[in-house]
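Read through the structure below, which is laid out as structure tokens, and then see the notes.
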Amino acid sequence: MSMRDEYRTKAAEFQARASGESDRMTRLHFESLARDYEQLAELAEQVDTIYKRPKSTIQENALDPLASGRLAAPAFRRR
């Protein structure tokens, strides 16, 4: 499950708790938390859109980390 989905689930849980709450202040807090988690879900979706790479690139780099430039070959010293 993606972070976006987890945030949306949490938002729904807080909204459900808010709707079942009789105390006004507690209900408002739950509604506020639900809105906050909805905003987190939207941000997580934007981050996924911005930083998502094609799966083929990820798989190729996983097979050959030296080719991706993320991992340098170790330098050996002679004594």
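The values are calculated or read from the model by the stated rules, or taken from the named source; none is laboratory data. Here the structure is a predicted model, which is why all the values come from computation and not from measurement. Don't worry about glycine lacking a Cβ; one is built from the backbone with ideal geometry, like all the others, and counts go over all protein chains shown.
What are the pairs, 6+ residues apart or on separate chains, where a residue within the range 14-27 that is touching a residue at least 12 places away in the same chain (Cβ under 8 Å) and aliphatic (A, V, I, L, M) has its Cβ under 6 Å from a residue that is surrounded by 12 or more Cβ atoms within 10 Å (Cβ to Cβ) and part of a helix (DSSP H, G or I)? Pairs that qualify, where the first residue is touching a residue at least 12 places away in the same chain (Cβ under 8 Å) and aliphatic (A, V, I, L, M) and the partner is surrounded by 12 or more Cβ atoms within 10 Å (Cβ to Cβ) and part of a helix (DSSP H, G or I), are A18/R27; A18/F30; A18/E31. Listed by position, the helices (runs of 4 or more DSSP H) inside the chain whose residues that are at pLDDT 90 or above and of a type in the set (F, W, Y) number at least 2 are 3-19, 24-51.
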